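The values are calculated or read from the model by the stated rules, or taken from the named source; none is laboratory data. Only a predicted model underlies this, so the values are computations on that prediction, with no experimental measurement involved. Counting neighbours? That spans all protein chains shown, and the Cβs are built from the backbone with ideal geometry, glycine included.
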DNA sequence: ATTAATAATTAGACAAGACTAAAAAATTAT
DNA sequence: ATAATTTTTTAGTCTTGTCTAATTATTAAT
Ligand SMILES: [Mn+2]
Ligand SMILES: [Mn+2]
Ligand SMILES: [Mn+2]
Ligand SMILES: [Mn+2]
């Protein structure tokens, strides 16, 4: 079994791991976990001894197969709990993260299997992020940022890149929800804002908003 | 906020606290938490500094108002989670304890309020133990051990004293459930076993079993 | 190709929470 | 009342995970 701290490091490396080959840097991990680089160095050594990461001094770190499986399991738990909180306990999508950060460390195989079933085997969490299956596999959905769409293109809003309270509450205020149909009507050259039609309403959104909404093209 | 360890100590003191005046002894706490007396001494000092317990060296320990409230809140969470696991996630009553030991430390006011509501504001957990309310108050139900009943007396089985897997599984095997109507038909002087009629079945139970079943007299 | 800047690692310290062994206090037995 | 036993506390050590400060390696700039 692994400590909460070890699990948090593995998860951070999992999230920071790029599709390219390069290892995740010490400072990126430190930044993500809001800790110091020296602490990260220490922990990486420990994870390396336990064969959870591949580590070559000064050249960053990569998860081993085993490390990746543990990380994916923590992410799976985090996202399943988020679904539970929203679907069953009336949490809003901007309230779930902190509680899920705690719940993701609960150790019980049966609990997660039963919860998964109780929730109807959801495939994505309230923010549109995919839920890894028991073997750590993610279903990859073709998606792109709204800011990449050209005038006239349309699709469905299926996720958020930033899931900060501020952004999520902005979306609530504008009544923008996952599942909404979106079409790009025009793009302003001057301020790089976008005119969109969403669920039959017209609105103008800033560059920053468009850069944080994931769209499934149609 | 308090650490898991601090919460576990407070809970142990809460459970060991007798209605009489005497403080809870160091060794009883050590025994309950499966730790050493020296560790208990250290922690008691810490809890005393934080005004969570009243402590006089060599004379045991008592919870302060604040300490009692925290302990009751942990017990509340433990028991509400047990109800959740049994009522919603198909756990049996002998499977819930270890997971509840973890879940009881999750910190979120909203979570527990919503869970309480989701479960329909249960008053007792799957073992018949009362669930403290938000202010730490327990509703006291008049109950006595089956071993205290005299020939001819009857009542309803409302709880278990021992909630070990072994005992709970024994009850399952004998199909003895909380809520069952029980009447004492006879008591054997020789082995101190009891003949009972339960839910219209007749059976003989040992002294030890009778000493671990709570009955509400009628 | 050196030098300057940045990033990563090591060294040393600290807090929480546990342990063993030793000392001190309280309780029980004679 | 004194001695023996049990319980509790203290002293000192260890592990985990963190930090600051100093050192070393890598990368960027001249
Ligand atoms: Mn989250
Ligand atoms: Mn999420
Ligand atoms: Mn329990
Ligand atoms: Mn219980």
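A few points about this structure:
- Residues of the stretch B:130-164 that are within 16 Å of ligand 3 (Cβ to nearest atom), surrounded by fewer than 17 Cβ atoms within 10 Å (Cβ to Cβ) and not assigned by TED's automatic domain parsing to the domain that holds residue B:196: B:138 alone.
- Sole exception among (1) under 14 Å from the mean Cα position of the chain (by Cα); (2) more than 11 Å from ligand 4 (Cβ to nearest atom); (3) touching a residue at least 60 places away in the same chain (Cβ under 8 Å) for residue B:94, by number: (2)
- For residue A:168: the one exception among (1) crowded, with 16+ Cβ neighbours inside 10 Å; (2) under 19 Å from residue A:197 (Cβ atoms); (3) out of contact with any helix residue (DSSP H, G or I) (no Cβ under 8 Å at 6 or more places or on another chain): (2)
- Residue under evaluation residue A:4, criteria (1) free of Cβ contacts under 8 Å to residues at least 60 places away in the same chain; (2) more than 16 Å from ligand 2 (Cβ to nearest atom); (3) within 23 Å of residue A:101 (Cβ to Cβ), criterion not met: (1)
- Elements of type helices (runs of 4 or more DSSP H) in the stretch A:47-140, at least 2 residues being away from chain B (no Cβ under 14 Å) and in contact with a helix residue (DSSP H, G or I) (Cβ under 6 Å, 6 or more places away or on another chain): A:65-87
- Filter result for residue B:61 (away from ligand 3 (no atom under 16 Å from the Cβ), crowded, with 17+ Cβ neighbours inside 10 Å and closer than 24 Å to residue B:163 by Cβ): no
- Qualifying residue in the stretch A:71-87 (condition: touching a strand residue (DSSP E or B) at 6+ places or on another chain (Cβ under 7 Å) and either within 30 Å of residue A:171 (Cβ to Cβ) or surrounded by 14 or more Cβ atoms within 10 Å (Cβ to Cβ) (or both)): yes
- Number of residues in the stretch A:195-218 that are under 28 Å from residue A:123 (Cβ atoms) and part of a strand (DSSP E or B): the value is 10.
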